[in-house]
Amino acid sequence: MHLTFPRAVRLLRLAPAVIAVLSIVTSTAQTVPVGPTIHVDVNAAQTIHVDVNLVSLAFVARDAEGKLVPNLTREDIELYEDAVQQKIYSFVKSTDLPLTLGLVVDASGSQDHFGKQHQMDLEVFLKQVLRAQDRVFLVCFGNHVRLVSDYTNSPEQILESYIRWDKGKEKFPEIGPLHEDRDLGTAFYDSIFYSVTEKLAQSAGRKAILIFSDGEDNSSSHNMMTTIETAQAENVPVYTIRYTETKHGKLTARNKYGISVMDRIAKETGGLHINAEKTDPQTYFTQIAEELRTSYEVSYYPTNKAKDDGFRKVVIRPKAEGVTIRSKTGYFSR
């Protein structure tokens, strides 16, 4: 990052306050008293170079019975990057967090059969799980990705907007490039990509995407790996809530592809893949909300400092038997 000299001076003056603010969490926190190194160069160009390699990962821990583990400490885990153990810089346990969420609904032809179920499930989430301190936006997509409701904490506003959109009574703005030509009808990857880059990337705190779809795509300008990488970079877990229409009760090859896509995206980003036809919506929505509101975050400075665009696989290992940890699988070093 390059800053002009006057702005650099202001940054240095503000740095202690900024670092202090970033260290404040509304729950239990443990932090190693070591900070990032800031290199200042005030020679001819009068610029400042700030090189911060801190990697942060949010994670969820469950016991052998599937219950959330509420009392982990930094001594209860080990952290590895590409099989090399890393020194933990900070370990934070957060509870009762406000959430910033993107609800993304597939309205392509393969989801026509599930339109009413989408609406009912959205209503369950908004009226039984959403709280006053949470913020939610709603995106709907077929071959174009549209912002149906911007950030709000009003269930009524979101549901009314969804109904107006579903009935075709109003044209809602696109997110992503305007008037992009698309030949077919399902921009699944783009719906996630633009929800992250144009909405969630600008938001702080605990954030996630809940996408209602079958995972099939034929109209996106981005592919699966770019979508996963973008969500990982912004620490956005993607919860994939799957509605698959089978033929005579049997999965088609296309169905199987969509299932594998939704499973892969959820796993790589630290989210969860849910079969909506086999799980009660109140059950899985409550589970998602509990995970997001009661979670841990660990950070470290990698021993491998190379900026080579390579993927770094990160593993958080619990020391106690029976405990499982779910997080994003890694990041690209850039």
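The set of residues from the range 38-51 being loosely packed, with under 11 Cβ neighbours inside 10 Å and either under 21 Å from Ser299 (Cβ atoms) or at pLDDT 95 or above (or both) comprises just one member, His39.
Among the listed residues Glu180, Glu156, identify the single one that is acidic (Asp, Glu) and under 16 Å from Glu123 (Cβ atoms). Answer to the check: Glu156.
Cβ-Cβ below 9 Å, separation at least six or inter-chain, first residue in the range 262-278 and more than 13 Å from Ala231 (Cα to Cα), second hydroxyl-bearing (Ser, Thr, Tyr) and modelled with pLDDT of 95 or more: which pairs? Every condition considered, the pairs that remain are Met262/Thr240; Asp263/Thr240; Leu272/Tyr239; Leu272/Thr240; His273/Tyr239; His273/Thr240; Ile274/Tyr239; Ile274/Thr240.
Filtering the range 201-215 to residues that are surrounded by fewer than 20 Cβ atoms within 10 Å (Cβ to Cβ) and not hydroxyl-bearing (Ser, Thr, Tyr) leaves Ala201, Gln202, Ala204, Gly205.
Pairs are defined by a Cβ separation below 7 Å, a sequence spacing of at least 6 or placement on different chains, a first member in the range 208-230 that is without any contact (Cβ under 8 Å) to a residue 40 or more places away in the chain, and a second member that is in a loop (DSSP other than H, G, I, E, B); the pairs so defined are Asn218/Leu184; Asn218/Gly185; Asn218/Thr186; Ser220/Ala187.
Among the residues of the range 184-203, what is the count of those that are in contact with a His (Cβ under 8 Å, 6 or more places away or on another chain) and part of a helix (DSSP H, G or I)? Counting residues in the range 184-203 that are in contact with a His (Cβ under 8 Å, 6 or more places away or on another chain) and part of a helix (DSSP H, G or I) gives 3. Among the residues of the range 235-244, just one is out of contact with any Ser or Thr (no Cβ under 8 Å at 6 or more places or on another chain) and at pLDDT 95 or above, namely Tyr239. The numbered conditions (1) modelled with pLDDT under 50; (2) of a type in the set (S, T, N, Q); (3) outside any loop (DSSP other than H, G, I, E, B) are all true for Thr100 except (1). Exactly one residue among Glu174, Glu180 is surrounded by fewer than 21 Cβ atoms within 10 Å (Cβ to Cβ), among the charged types (D, E, K, R), under 25 Å from His113 (Cα atoms) and more than 11 Å from the chain's Cα centre (by Cα), and that residue is Glu174. Within the range 286-301, not a single residue is among the acidic types (Asp, Glu) and without any contact (Cβ under 8 Å) to a residue 12 or more places away in the chain.
For the subset of the range 133-163 comprising residues that are exposed (fewer than 15 other Cβ atoms within 10 Å of the Cβ) and without any contact (Cβ under 8 Å) to a residue 12 or more places away in the chain, which member is farthest from His113 (Cα to Cα)? Ranking the candidates gives Ser154 first.
For the range 250-273, the count of residues that are closer than 30 Å to Gly115 by Cα, in the same structural domain as Ala187 (by TED's automatic domain parsing) and assigned to a strand (DSSP E or B) is at least one.
For the condition among the hydroxyl-bearing types (Ser, Thr, Tyr) and in a helix (DSSP H, G or I), what is the one hit in Ser219, Ser161, Ser149? Talk me through it step by step, then tell me what you get.
Numbers: Ser219 fails: in a helix (DSSP H, G or I); Ser149 fails: in a helix (DSSP H, G or I).
Criteria check complete, one pass: Ser161.
Annotation: Arg312 fulfils all but one of (1) assigned to a strand (DSSP E or B); (2) buried (at least 18 other Cβ atoms within 10 Å of the Cβ); the unmet one is (2).
The values are calculated or read from the model by the stated rules, or taken from the named source; none is laboratory data. Please read these numbers as outputs of a predicted model, since none were measured by experiment. Glycine gets a Cβ as well: all are built from the backbone with ideal geometry, and neighbour counts include every protein chain shown.
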